[in-house]
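The values are calculated or read from the model by the stated rules, or taken from the named source; none is laboratory data. What you are looking at is a predicted structure, and each value in this text was computed from that prediction instead of being measured. Because the Cβ atoms are built from the backbone with ideal geometry, glycine has one as well, and the counts that use them run over all protein chains shown.
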């Protein structure tokens, strides 16, 4: 995963616990985690994730892809 550091930091877990094809609900995928993710992406890339797209996230790969699409805009 290209953005594993951001993803693991937003969930507050070691990156070894996050697998590309695992479901995000394996960990706590709540509003605070989403805010952390949005903030970290904004801080690192000065880009804003569309928060409405976070509701469609199922797998960690979806988060990684969303971050990639956001920073390429």
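Some values worked out for this structure:
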read-out	value
Only listed residue being at pLDDT 95 or above and part of a loop (DSSP other than H, G, I, E, B), chosen from 41, 13	13
Sole exception among (1) modelled with pLDDT of 95 or more; (2) surrounded by 13 or more Cβ atoms within 10 Å (Cβ to Cβ) for residue 1, by number	(1)
Flag for residue 49 being crowded, with 18+ Cβ neighbours inside 10 Å, free of Cβ contacts under 8 Å to residues at least 24 places away in the same chain, part of a loop (DSSP other than H, G, I, E, B) and in contact with a helix residue (DSSP H, G or I) (Cβ under 8 Å, 6 or more places away or on another chain)	yes
Enumeration of residues in the stretch 16-27 that are under 12 Å from the mean Cα position of the chain (by Cα) and either more than 14 Å from residue 59 (Cβ to Cβ) or assigned to a helix (DSSP H, G or I) (or both)	24
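Each row is one residue, and each column tells you yes or no for (1) within 14 Å of residue 67 (Cα to Cα); (2) exposed (fewer than 13 other Cβ atoms within 10 Å of the Cβ); (3) touching a helix residue (DSSP H, G or I) at 6+ places or on another chain (Cβ under 6 Å).
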{"residue": "6", "(1), (2), (3)": "yes, no, yes"}
{"residue": "30", "(1), (2), (3)": "no, yes, no"}
{"residue": "40", "(1), (2), (3)": "yes, no, yes"}
{"residue": "56", "(1), (2), (3)": "yes, yes, no"}
